[in-house]
Amino acid sequence: MNTSRRFFKTIGILILSLTFLSFRNIFAQENRGQLSEQGIEYFDQGRYSEAISCFTEVINASPYVVGNYYNRGLAFSKEANYDLAISDFSKCIELNPDLADAYYSRGLAYSYKGGLEQAISDLSKAIEINPKHAQAFHERGYVYNAMGNFEEAILDYTKAIEFNPDSNGAYYGRGNANNNKGNYGQAILDYTRSIEIKPGFSDVYYNRAAAFFFKQEYDKAWEDLHKAQELGAIIDPQFLEALKKALGK
């Protein structure tokens, strides 16, 4: 009888201990969830260092959750700590090799630090995983343009527009690639569409002025240059003098 009581008492203590452990795990998970949410709030408020601290604490407690590395990588990117951002995005890829956004964000980080070939590789991988990744096409177009590969840039910006027709940035980027390639008429059309979608971006007016100048439509170039200046653009004195000379001013 006594042995039976001791047995049931032991089982009871074991069950109670497991229950306490279970509650501790639940509370720990809730605390990590709250820290992650706090990190996201800090990120949205532009408080990137504090966001990084939150995500780091969660990662230390639970090192296999992809989202925390990804979010910390984004915060590192915002602080221009691109090497640390790349490290976090690489960890995301290690944990989930099919995460297109991790390749996209790592590609961005590489492009910001001047690693254009690595950026192309990552952005292409993001597109391979998600062939409708408009942002990846957009950013790869930007990198191709920076590399002087204007035809590939135009193709990528066109795909970005196909998937996101209201992207003023994609029209602006394609306008730049067309401008660089000497397709001034098409560049003007792209810049104009960008302005229609989002007026008030000084660089679009400035670059459209350049396209008008090269097309020898000097009055329109003058109008755009003044609009760009009104919106805060810094005007190249040589460009201004060349335009004045062309207008006979």
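As a footprinting exposure proxy, order F89, F201 by other Cβ within 10 Å, with the fewest listed first.
Ascending Cβ contact count within 10 Å gives the list F201, F89.
Over all directions, how big on average is the projection of the convex hull of the alpha-carbon atoms in region 122-249, in square nanometres?
Over every viewing direction, the Cα hull of region 122-249 projects on average to 7.7 nm².
Considering only C-alpha atoms, what is the centroid distance from region 170-188 to region 43-67, in Å?
Taking the Cα centre of each part, region 170-188 and region 43-67 sit 40 Å apart.
Using +1 at the C-beta of Lys and Arg and -1 at the C-beta of Asp and Glu, which of N176, G141, A100 has the Cα lying farthest in the positive direction of the dipole of region 63-182?
Highest projection toward the positive end goes to N176.
Compare A102, A211, A61 in a GNM of the chain, Cα atoms joined below 10 Å, and give the one with the largest fluctuation.
Largest GNM mean-square fluctuation: A61.
Which residue, chosen from S62, F150, L84, occupies the Cα position most advanced towards the positive end of the dipole of the chain, where the dipole is computed from +1 (Lys, Arg) and -1 (Asp, Glu) charges on Cβ about the Cα centre?
S62
So what are the radius of gyration and Dmax for the Cα set of the chain, in Å?
Final numbers for Rg and Dmax: 27.0, 115 Å.
Roughly how big is the chain's charge dipole about its Cα centre, with Cβ charges of +1 (Lys, Arg) and -1 (Asp, Glu), in debye to the nearest 20?
So the dipole magnitude of the chain works out to roughly 740 debye.
So how strong a dipole does region 158-249 carry about its Cα centre when Lys and Arg Cβ are +1 and Asp and Glu Cβ are -1, to the nearest 20 debye?
200
Give the relative contact order (percent, whole number) for the chain; include only Cα pairs under 8 Å separated by 6+ residues.
8
Once fully extended, how much extra length lies between E37 and F214, figured as 0.36 nm per residue of separation less the alpha-carbon to alpha-carbon distance?
Result for the pair: 58.6 nm of gain on full extension.
To the nearest 20 Debye, how big is the dipole of region 88-210 about its Cα centre, given +1 on the beta carbon of each Lys and Arg and -1 on that of each Asp and Glu?
Using only the charged Cβ atoms, the result is roughly 280 debye.
Can you tell me, using C-alpha contacts under 8 Å and at least 6 residues apart, the relative contact order of region 158-249 as a whole percent?
Here the relative contact order equals 21 percent.
Return the loop-located chymotrypsin sites (Phe, Trp or Tyr not before Pro) in region 37-79 (DSSP other than H, G, I, E, B) with at most 16 other Cβ atoms within 10 Å of their own Cβ; answer none if there are none.
Answer by residue number: Y64.
Bear in mind that the values in this text are calculations on the coordinates, not laboratory data. All values reported here derive from a predicted model rather than from experimental measurement. Please note: Cβ atoms are built from the backbone with ideal geometry, for glycine as well, and neighbour counts cover all protein chains shown.
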